[in-house]
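S.K.: My questions all concern the structure below.
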Amino acid sequence: MEFHEILIQMKRVYQILFILLISTLANNALAGIEVGQPAPNIEGTLIDGKPFSLQANKGKVVLVNFWASWCEPCREEMPAIEAFLKKNKSKGFEVLAITMDKPSDMEQAKQIMRNYSFLFAEKKQMDYSDYGRIWRIPSTFIIDKNGILRKNGMKGDATVDTKLLEELVTPLLNAQ
C-alpha cells in the first residue's frame, strides 16, 4: 500500500470518528431535557411585539409547539389544540406556537395563525437553545404549573390530539 493510499484511508477513518463524536454529543445534549426535570426557559418576542418568557408563565400549564406552515401533521393537530385552549385558558392553559418557517414562508405562517388564538413567535425571535436542535416537526413540549417538563417533543409520538391533551394536560390543570 502506498503512502498516499494510507493517508486517504486515515482521512476516512477520522471523518467517521468525527461524525460519531458529533452525533454522540448531539444525543447527549438532547438527553439533558428529561420529563420530570425543570424545563429550560424559552424567551423572546412574539409576532405581536410582546415579550414572552416561559419562566414568567409559572403557575400555568404551557404547551410549546414547534411547527411549520408546510407541515401537514402540524396543521392537522392545530384545531384540537385550539379547541382545548378555548376550553381551558381560564384554568391556566397557554399555547406558544413557534414557527420554524423560513422568512420567505412567514406570510403563509401568519395566514394560518389568523385562525388560532395561540401566542405566536418566529424561531429567529425566540431563544430556545437549551432545547437543542429542533429536528422534528411538529415537536410539542408540555410544561406544568411548576415549570416541570411533562412531555418532551423530541421523544415519543410527535403529534398531539384531543386524547393526549385530556389525559396529560387536564390533570396538570387540576393539580394544585
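S.K.: Report yes if residue 84 is touching a helix residue (DSSP H, G or I) at 6+ places or on another chain (Cβ under 6 Å) and in a helix (DSSP H, G or I), otherwise no.
M.R.: yes
S.K.: Also, quick follow-up: Regarding residue 139, is this residue buried (at least 19 other Cβ atoms within 10 Å of the Cβ), closer than 18 Å to residue 62 by Cβ and among the hydroxyl-bearing types (Ser, Thr, Tyr)? Give the derivation first.
M.R.: On the way: buried (at least 19 other Cβ atoms within 10 Å of the Cβ): yes; closer than 18 Å to residue 62 by Cβ: yes; among the hydroxyl-bearing types (Ser, Thr, Tyr): yes.
So residue 139 passes the test.
S.K.: Which one of these does residue 75 not meet: (1) under 26 Å from residue 130 (Cβ atoms); (2) charged (D, E, K, R); (3) touching a residue at least 24 places away in the same chain (Cβ under 8 Å)?
M.R.: (1)
S.K.: Another question about this same structure. With respect to residue 170, is the statement that it is surrounded by fewer than 18 Cβ atoms within 10 Å (Cβ to Cβ), touching a residue at least 12 places away in the same chain (Cβ under 8 Å) and not hydrophobic (A, V, I, L, M, F, W, C) true?
M.R.: For residue 170, the condition - surrounded by fewer than 18 Cβ atoms within 10 Å (Cβ to Cβ), touching a residue at least 12 places away in the same chain (Cβ under 8 Å) and not hydrophobic (A, V, I, L, M, F, W, C) - is met.
S.K.: Continuing with this model, one more query. Here are the criteria: (1) farther than 20 Å from residue 82 by Cα; (2) not in a loop (DSSP other than H, G, I, E, B). Tell me which single one residue 169 does not satisfy.
M.R.: Going through the list (1) farther than 20 Å from residue 82 by Cα; (2) not in a loop (DSSP other than H, G, I, E, B), residue 169 breaks only (1).
S.K.: Out of the residues in segment 81-108 meeting the condition of being under 12 Å from residue 138 (Cβ atoms) and of a type in the set (A, V, I, L, M), tell me which one is surrounded by the fewest Cβ atoms within 10 Å (Cβ to Cβ).
M.R.: 100
S.K.: Just one of (1) in contact with a strand residue (DSSP E or B) (Cβ under 8 Å, 6 or more places away or on another chain); (2) among the acidic types (Asp, Glu); (3) exposed (fewer than 13 other Cβ atoms within 10 Å of the Cβ) trips up residue 122, so point out which.
M.R.: (3)
S.K.: Being basic (Lys, Arg), touching a Leu at 6+ places or on another chain (Cβ under 9 Å) and under 22 Å from residue 46 (Cα atoms) narrows it down to one of 145, 89, 151, so name that one. Let's see the steps before the verdict.
M.R.: Numbers: 89 fails: touching a Leu at 6+ places or on another chain (Cβ under 9 Å); 151 fails: under 22 Å from residue 46 (Cα atoms).
Every option except 145 fails the conditions.
S.K.: Given (1) of a type outside the set (D, E, K, R); (2) under 17 Å from residue 34 (Cα atoms); (3) assigned to a loop (DSSP other than H, G, I, E, B); (4) under 11 Å from the mean Cα position of the chain (by Cα), identify the lone condition not met by residue 137.
M.R.: Against the list (1) of a type outside the set (D, E, K, R); (2) under 17 Å from residue 34 (Cα atoms); (3) assigned to a loop (DSSP other than H, G, I, E, B); (4) under 11 Å from the mean Cα position of the chain (by Cα), residue 137 comes up short only on (2).
S.K.: Follow-up question, since we're still on this one. Of the residues 157, 161, 127, only one is free of Cβ contacts under 8 Å to residues at least 12 places away in the same chain and open to solvent by 60 Å² or more (accessible area, probe 1.4 Å); which?
M.R.: 157
S.K.: If you scan segment 41-70, which residues turn out to be open to solvent by 50 Å² or more (accessible area, probe 1.4 Å) and farther than 12 Å from residue 122 by Cα?
M.R.: Passing the criteria: 50, 51, 55, 56, 58, 60, 70.
S.K.: Check 146, 152, 115 and return the single one that is in contact (Cβ under 8 Å) with a residue 40 or more places away in the chain and open to solvent by 40 Å² or more (accessible area, probe 1.4 Å).
M.R.: Of the residues listed, the single one that is in contact (Cβ under 8 Å) with a residue 40 or more places away in the chain and open to solvent by 40 Å² or more (accessible area, probe 1.4 Å) is 146.
The values are calculated or read from the model by the stated rules, or taken from the named source; none is laboratory data. Owing to the predicted nature of the structure, the values given are computational and were not obtained by experimental measurement. Cβ sites come from the backbone with ideal geometry, for glycine too, and all protein chains shown count toward neighbours. Just so you know, the surface numbers come from the protein's heavy atoms only, side chains and all, with ligands and any DNA or RNA stripped out. Shrake-Rupley method; radii C 1.70, N 1.55, O 1.52, S 1.80 Å.
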